[in-house]
Each structure stands twice: as C-alpha cells, then as structure tokens.
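Take a look at the structure below.
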Amino acid sequence: MPSSTPHSRPVLVGLIGAAIQQSKSPALHEAESQAMGLTLSYRLIDLKTVGPDGQGLSKALEQVEHEGFAGVNITHPYKQLVIPLLDNLSDQAAMIGAVNTVVFKNGKRWGYNTDEWGFRENFRRQMADVSLNSVVQIGAGGAGAATAHALLTLGVKWLQIADADLVRSQALANKLAVRFPGARISATPSVDTALASADGVVNATPMGMADHPGLPFDAGLLRPDLWVADIVYFPLETELLSRARRLGAKTLDGGGMAVFQAAKAFELFTGIAPDQERMLRYFLSLPQGAEN
Ligand code: NAD
C-alpha cells in the first residue's frame with residue numbers, strides 16, 4: 001500500500017531484458033522519484049549477449065537481489081521465462097502468464113503484471129464513453145494476454161481474438177473463458193468478419209512499430225464508428241491510428257499504457273504512489289525514442 005514516508009536509503013531498481021539500451025524507464029522512474037524527493041537509481045541489465053535461455057536471467061536476478069534491489073522490471077524476451085524463478089505470482093500475472101515486475105520482499109520474489117493495469121487505466125481515462133459490446137483484439141502474445149484480460153475486466157461482452165498463430169489465439173480465448181464465464185470469448189481466423197460486427201478494435205501486435213511498419217489488417221476495414229486502440233508506442237501515432245483518426249474514429253495510443261504500467265511498478269517498488277499525471281507529462285516531453 002502507498003505510504004507517505006519517503007525512503008531514507010536510495011532505492012535500487014532496474015530493467016532486465018535484451019537490447020534495452022534505448023529504454024525510457026530509467027528516465028521515467030528517476031525523474032518521478034526526484035520530483036518526490038526520493039533517491040532512486042534505475043539500472044539497465046541488458047542480457048542481449050546471454051541469450052533468452054533463462055540461465056543469464058537467473059544469474060541476473062540473484063545478482064540484483066544480492067545487491068539489495070527493491071525490484072526489477074522484466075521485458076522481452078523474459079516475461080514468461082522469469083515465472084519459474086519466482087516464489088509468488090499475483091492473480092493477474094498468473095492468469096496472463098507473464099510478469100513484467102518483480103519485487104523482492106522478505107527474502108521472496110513476487111511477480112506482477114502491471115501491463116494489464118496500465119492498459120486498463122489508460123482505457124478507463126480516455127475511452128469511458130465507447131461501446132464495449134463487441135471488441136476485436138489482434139495479437140495474442142504476452143501483451144495481448146494482458147490487454148484481453150483488462151478489456152474483459154472493463155466489461156467487454158464479446159471479445160474476438162485474432163492472431164497470425166491461431167493456436168495462440170485459441171489458447172488465450174480458452175483460458176479467458178474460464179476466468180470470465182459471463183463474457184463471450186472466441187478466437188477468430190477472420191479479422192474481416194469479426195470487425196464487421198465490432199464496436200472497437202485493439203492492436204496488440206508489433207505491427208506499426210518503427211521496425212514493423214504497416215497495419216495489422218486491411219485499412220479498408222476501418223470505419224468512423226469503429227474505435228481503435230493501439231498499444232504500440234514507438235511511434236505514438238501509428239499508421240493504424242492515423243488512418244482511423246482521418247476517418248473520424250475515436251482512437252487511443254499506447255503511451256498512457258506505457259506510463260501507467262511504469263507508475264504501478266514504481267508503487268510496487270517503493271510503496272509510494274507516484275503522481276501519474278506528472279509521469280505522463282514527463283513521458284510526453286521526452287523525444288520519441290524507444291520502448292519500455
Ligand atoms: P509477442 O511477440 O509476445 O506477441 C505478438 C503477437 O502478435 C504474436 O502472437 C504474433 O503471432 C501476433 N502477430 C504479429 N503480427 C500479426 C498480424 N499482422 N496479425 C495477427 N497477429 C499478428 O509481443 P508482445 O510482447 O505481446 O508485444 C506486442 C506489442 O505490444 C509490441 O509492439 C510491444 O512493444 C507492445 N507493448 C506495449 C506496451 C505498452 O506499455 N504500451 C506494453 C507491452 C507491449
């Protein structure tokens with residue numbers, strides 16, 4: 001729970017991932033802690049030379065725990081690999097099957113998924129008036145599991161999930177159906193058919209990122225009355241969003257999710273709730289650079 005007592009000792013936190021040198025997380029966490037009068041150091045632990053075998057990850061976790069870190073964020077490609085190395089998982093992290101925040105507490109490692117919370121918070125703030133009767137989500141990877149869970153928590157009645165890998169979308173739909181028995185949840189092989197009856201669509205694929213240019217589906221399927229949310233945030237204005245906006249559709253970019261997932265992690269690390277608005281303003285003032 002948030003506390004109003006600032007930490008007297010510097011708080012050590014970081015990010016474990018591969019090829020993360022461009023990450024905005026150090027700037028985001030350190031600027032907020034500075035504004036709050038906290039001394040916090042956010043380090044990058046880049047395992048790109050080790051490879052995604054889990055061994056380097058295990059050593060890195062031991063090392064940071066030994067050095068007295070309060071916790072670490074975990075990113076690609078370790079969000080699933082980290083799970084067997086933890087003692088406890090939050091409900092959401094267990095359901096989603098991915099962890100992006102690890103907290104070291106009382107000699108135990110606790111795993112959380114703040115991506116889910118970040119997407120929900122961003123959506124709740126900016127899309128409160130949209131219809132949630134029928135929503136299509138493209139992408140059933142790690143982030144897609146988090147956004148689908150968030151959408152159902154927000155009250156989506158019918159969620160259709162599409163992924164280039166149908167086995168993945170089917171597995172996610174099956175898992176969610178157990179957790180949300182009151183909702184209709186299906187995997188769909190046809191984005192065209194699914195979108196025809198949808199109120200909104202969420203892009204949870206990397207399509208639209210600077211290094212994955214393009215759209216996750218045919219732009220001709222966009223309509224003025226189809227709201228569009230994208231979780232890609234480099235760039236903030238993806239081609240999907242810009243085309244939807246030009247048609248007059250309501251849109252949501254991935255920047256807020258990135259900030260709010262960081263804000264929740266900050267709170268888990270420090271026990272203090274940060275000023276989310278200030279974090280958002282700071283994020284938007286940064287040159288658009290990279291992920292995390
Ligand atoms: P991932 O690789 O785990 O999953 C991506 C999924 O998309 C895969 O299942 C793949 O088969 C599917 N896919 C790719 N192209 C497709 C297409 N054209 N049509 C249908 N399916 C397609 O990746 P991830 O970790 O889930 O991340 C996805 C994106 O979300 C990345 O761009 C990542 O940067 C972004 N993300 C944003 C935030 C945020 O805070 N805004 C947080 C996490 C991830």
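In region 90-116, the residues that are under 24 Å from GLU67 (Cβ atoms) form Cβ pairs under 7 Å with partners that are buried (at least 24 other Cβ atoms within 10 Å of the Cβ) and among the charged types (D, E, K, R), at six or more places apart or across chains, as follows: VAL99/LYS79; ASN100/LYS79; ASN100/ASP115. Inside region 145-179, can you point out the residues that are assigned to a helix (DSSP H, G or I), surrounded by fewer than 24 Cβ atoms within 10 Å (Cβ to Cβ), within 11 Å of the ligand (Cβ to nearest atom) and of a type in the set (Gly, Ala, Ser)? Once the filter is applied, which keeps residues that are assigned to a helix (DSSP H, G or I), surrounded by fewer than 24 Cβ atoms within 10 Å (Cβ to Cβ), within 11 Å of the ligand (Cβ to nearest atom) and of a type in the set (Gly, Ala, Ser), region 145-179 yields only ALA171.
The C-beta contact set for region 206-227 (first residue under 20 Å from THR193 (Cα atoms) and more than 12 Å from the ligand (Cβ to nearest atom), second residue among the acidic types (Asp, Glu) and not in a loop (DSSP other than H, G, I, E, B), distance under 7 angstrom, 6+ apart or interchain) comprises LEU221/ASP192.
Here is a yes/no grid of residues against (1) surrounded by fewer than 20 Cβ atoms within 10 Å (Cβ to Cβ); (2) outside any loop (DSSP other than H, G, I, E, B); (3) near the ligand (Cβ under 10 Å from one of its atoms):
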| residue | (1), (2), (3) |
| --- | --- |
| VAL259 | no, yes, yes |
| GLU267 | yes, yes, no |
| PRO274 | no, no, no |
| MET279 | no, yes, no |
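Here's a check for you: in region 242-253, which residue that is free of Cβ contacts under 8 Å to residues at least 60 places away in the same chain and part of a loop (DSSP other than H, G, I, E, B) is nearest to LEU215 (Cα to Cα)? Full working, then the answer.
Here is the first cut: in region 242-253, the residues free of Cβ contacts under 8 Å to residues at least 60 places away in the same chain are 242-249, 251, 253.
Okay, now just the ones that are also part of a loop (DSSP other than H, G, I, E, B), so 248-249, 253.
On the way: GLY248: 18, ALA249: 16, ASP253: 14 Å.
If we take residues in region 242-253 being free of Cβ contacts under 8 Å to residues at least 60 places away in the same chain and part of a loop (DSSP other than H, G, I, E, B), then ASP253 is nearest to LEU215 (Cα to Cα).
What about GLN55, is it modelled with pLDDT under 95, within 16 Å of the ligand (Cβ to nearest atom) and of a type outside the set (A, V, I, L, M, F, W, C)? Taking the combined requirement at face value, the residue does not satisfy it.
Residue by residue, here is whether (1) more than 18 Å from LEU12 (Cβ to Cβ); (2) in contact with a Phe, Trp or Tyr (Cβ under 8 Å, 6 or more places away or on another chain); (3) part of a helix (DSSP H, G or I) holds:
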| residue | (1), (2), (3) |
| --- | --- |
| PHE69 | no, yes, no |
| PRO84 | yes, no, yes |
| VAL102 | no, yes, no |
| ARG109 | no, no, no |
| ASP115 | yes, no, yes |
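If I ask for residues that are surrounded by 15 or more Cβ atoms within 10 Å (Cβ to Cβ), within 12 Å of the ligand (Cβ to nearest atom) and part of a loop (DSSP other than H, G, I, E, B), which ones from region 180-200 would you list? Passing the criteria: only THR188.
Of all residues in region 55-82, those satisfying the criterion of being farther than 23 Å from ALA258 by Cβ and over 22 Å from the mean Cα position of the chain (by Cα) are GLN55, GLY56, SER58, LYS59, GLU62, GLN63, GLU65, HIS66, GLU67, GLY68. Test PHE123 against the stated conditions and say whether it is of a type in the set (Phe, Trp, Tyr), within 12 Å of the ligand (Cβ to nearest atom) and at pLDDT 95 or above. Considered against the rule, which asks whether it is of a type in the set (Phe, Trp, Tyr), within 12 Å of the ligand (Cβ to nearest atom) and at pLDDT 95 or above, PHE123 comes out as yes. Which condition from (1) within 16 Å of LEU132 (Cα to Cα); (2) within 11 Å of the ligand (Cβ to nearest atom); (3) modelled with pLDDT under 95; (4) not β-branched (Val, Ile, Thr) is the one that ASN203 breaks? If we test ASN203 against (1) within 16 Å of LEU132 (Cα to Cα); (2) within 11 Å of the ligand (Cβ to nearest atom); (3) modelled with pLDDT under 95; (4) not β-branched (Val, Ile, Thr), just (3) comes out false. Here ASP225 clears all of (1) among the acidic types (Asp, Glu); (2) closer than 20 Å to SER131 by Cβ; (3) not in a loop (DSSP other than H, G, I, E, B) except the condition numbered (3).
Name the one entry in LEU176, LEU247 that is modelled with pLDDT of 95 or more, of a type in the set (A, V, I, L, M) and over 19 Å from ASP163 (Cβ atoms).
Values: LEU176 fails: over 19 Å from ASP163 (Cβ atoms).
The match here is LEU247.
If the condition is being aliphatic (A, V, I, L, M) and either within 15 Å of the ligand (Cβ to nearest atom) or crowded, with 20+ Cβ neighbours inside 10 Å (or both), then region 126-143 contributes MET127, VAL135, VAL136, ILE138, ALA140, ALA143.
The values are calculated or read from the model by the stated rules, or taken from the named source; none is laboratory data. This structure is a prediction, so every number in the text was calculated from the model and none was measured. All Cβ positions, even for glycine, are placed from backbone atoms using ideal geometry, and neighbour counts span all protein chains on display.
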